[in-house]
Amino acid sequence: DQCMDEVHYSHENGKNTITLRKELKARFNMQIKVNDFENDICVIEIVSENLDAKNIQEFKDKVLDILENKLFVIFDMSHLCFVDSSGLGAILSCLRQLQSQGGNLKLSGMSRPVQALFELVRMHRIFDIFPNNEQARASYV
């Protein structure tokens with residue numbers, strides 16, 4: 001990644017001018033990877049560093065449709081470094097949706113800061129949290 005997309009120097013009327021231009025790309029390009037396994041288990045990998053107010057609508061748009069056809073879901077959160085209250089709320093909404101369909105949501109691969117947040121707000125009492133996908137999958141069987 002380069003620092004600037006364009007650098008322009010001009011000298012007019014005894015003045016030096018440097019113009020720097022950088023195109024800002026939207027960072028709301030969250031990728032969601034879905035892996036289906038036997039016994040109706042689905043692992044949804046959230047490929048983003050943040051799950052916060054800036055990208056929560058994109059998360060909801062992508063994930064809630066996927067959950068309509070699933071029962072036993074694991075959110076792989078290993079890429080997430082930060083989750084804010086809107087992210088917590090969205091994950092809780094996913095759990096509620098799955099439970100209303102007779103399913104469940106488990107979480108795996110949390111970074112220490114994200115796990116600390118879940119513990120701080122007592123969400124670790126609501127969710128089953130596992131260190132990795134394999135252990136989370138084994139808990140469904």
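The values are calculated or read from the model by the stated rules, or taken from the named source; none is laboratory data. Predicted model only: the values in this text are computed from it and were never measured. Every residue, glycine as well, gets a Cβ built from its backbone with ideal geometry; the counts of neighbours run over all protein chains shown. Note: areas computed on protein heavy atoms with side chains; ligands, DNA, RNA excluded. Shrake-Rupley method; radii C 1.70, N 1.55, O 1.52, S 1.80 Å.
Being in contact with a helix residue (DSSP H, G or I) (Cβ under 9 Å, 6 or more places away or on another chain), modelled with pLDDT of 95 or more, open to solvent by 30 Å² or more (accessible area, probe 1.4 Å) and among the charged types (D, E, K, R) is a property that residue 45 has. When segment 69-93 is filtered for residues that are under 13 Å from the mean Cα position of the chain (by Cα) and among the hydrophobic types (A, V, I, L, M, F, W, C), the ones remaining, listed by number, are 74, 75, 77, 80, 81, 82, 83, 88, 90, 91.
Residues that are out of contact with any Gly (no Cβ under 9 Å at 6 or more places or on another chain) and assigned to a strand (DSSP E or B) within segment 76-108 comprise 82, 83, 104, 105, 106, 107, 108, listed in sequence order.
In segment 109-131, of all residues being surrounded by 13 or more Cβ atoms within 10 Å (Cβ to Cβ) and assigned to a loop (DSSP other than H, G, I, E, B), the one that is farthest from the chain's Cα centre (by Cα) corresponds to 126.
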